[in-house]
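Worksheet: the structure to be examined is printed underneath.
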Amino acid sequence: MRTVKHELDLGAEKNLSAVYGRLDTALKAMEDVLGIKASMRGSKVFLHGDREAVSSAERFIREFYSINTDGFNISPEDIRYALQNFTHAGRKKHSSGGDGASHLKEIFSANIPVPSKKKFIVPRSETQKKYIEAIKKYDMVIGIGPAGTGKTYLAMAMAINALLKKQVSRIILARPAVEAGESLGFLPGTLYEKVNPYLRPLYDALFDMMEAEKVNRLIDRGIIEIAPLAFMRGRTLNDSFIILDEAQNTTSEQMKMYLTRLGFNSKTVITGDTTQIDLPPGKTSGLKEIEKLLKGIKQLCFVYFSEKDVVRHKLVQEIIKAYEKFEKSRKNRQ
């Protein structure tokens, strides 16, 4: 491995102070992802490490500066994932005979504007980007994969964005009320108190993208509706963006009922994890069933996520790796 030292002078760049703090965060991410030493003094950036990694870092810094001055507000987590995608795409192009260049704007081109301090929800993997593009193109998208891959979160962001652009007049969020069906009678409290714990993840995602006061106003006016799947029966949902979450726990009958609710000028995103089905024995998962039934319909799209798309705190990723190593070791011993 050939190491080099490189000095990058950004002194001629305008508005450097506006992105200085984010650039410092980017340098720390570069050290971790690329394995180089990176520091900044005044308008100068100092890079030290493997020649190819330093070259990638220089390109990333220049493009990172450009997109920040274009109005993107990128979080430290977004920087890390963008850097991984940026360098991976560059290596891929280089190995195929290209010039190794990868444009950071392309990585962020599928960003979703939302009315929160985040300003943009940014895809953090190639699959997430494909998922966003599919939601834009198709009226029905089915996202299947493990928890933590952003299936529901990104669908929620797309729904909010569609509402802000007045592409739809309401958002409807539904999920099976309980893991093994919708028998709520034995739970204490009012109907709202019974179903609220099961709908809480939808509220959490919503409050992460919009001010709580605004969310509550829209809920009160019926513009945003969060309800158990049973409430969909008998309705035709026009001019709506509808999300069905935890769809692996719908029965065959419930899924058919839901799919036939879609009305004019409406979109639906169905999300679930077919490896985490909590239905009673003998009950067919509606999500697994439509994988076979709807495959031939060209007007809808299936998007499959994997463990590689899991977006979590870095520490959680390390914990997951540790568990995977432990499970593998235990199987080998057995």
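The values are calculated or read from the model by the stated rules, or taken from the named source; none is laboratory data. Here the structure is a predicted model, which means the values were calculated and not measured. All Cβ positions, glycine included, derive from the backbone under ideal geometry; neighbour counts span all protein chains shown. Accessible surface areas use protein heavy atoms only, side chains included; no ligands, DNA or RNA. Shrake-Rupley method; radii C 1.70, N 1.55, O 1.52, S 1.80 Å.
Among the listed pairs LYS151/LYS321; LYS130/LYS308; LYS37/LYS308, give every one whose C-alpha distance is greater than 25 Å.
LYS37/LYS308
At R0 = 30 Å, how high is the FRET efficiency between ALA230 and GLU289 if r is their beta carbon distance? Nearest 0.05 is fine.
0.95
Leaving ligands, DNA and RNA out of it, work out the accessible area of LYS288 with a 1.4 Å probe and give it in Å² to the nearest 10.
Its heavy atoms expose roughly 100 Å² to the probe.
Can you list residues from other chains, or at least 5 along the same chain, whose modelled amide H is less than 5 Å from the amide H of ILE242?
Counting only residues 5 or more places away or on other chains, the set is ILE172, LYS267, THR268, VAL269.
Just subtract the alpha-carbon distance of ASN216 and ALA322 from 0.36 nm times their residue separation and send over the number in nm, one decimal.
Length difference between fully extended and current span is 34.1 nm.
Tell me, what ³J(HN,Hα) does each residue in the range 129-144 have, in order and in whole Hz, if you take phi through Karplus 6.51 cos²θ - 1.76 cosθ + 1.60 with θ = phi - 60° and put x for Gly and Pro?
Going residue by residue, I get 5, 4, 4, 4, 5, 5, 5, 5, 8, 10, 7, 9, 10, 10, x, 10 Hz, with x marking Gly and Pro.
Given a Förster distance of 22 Å, report the FRET efficiency between ASP204 and GLN276 from their Cβ-Cβ distance, rounded to the nearest 0.05.
The computed FRET efficiency comes out at 0.75.
Across the range 163-168, in residue order, what do the Karplus-derived ³J(HN,Hα) couplings come to in whole Hz, using 6.51 cos²θ - 1.76 cosθ + 1.60 with θ = phi - 60° and x for Gly and Pro?
Along the range 163-168, the couplings run 5, 5, 7, 6, 6, 9 Hz.
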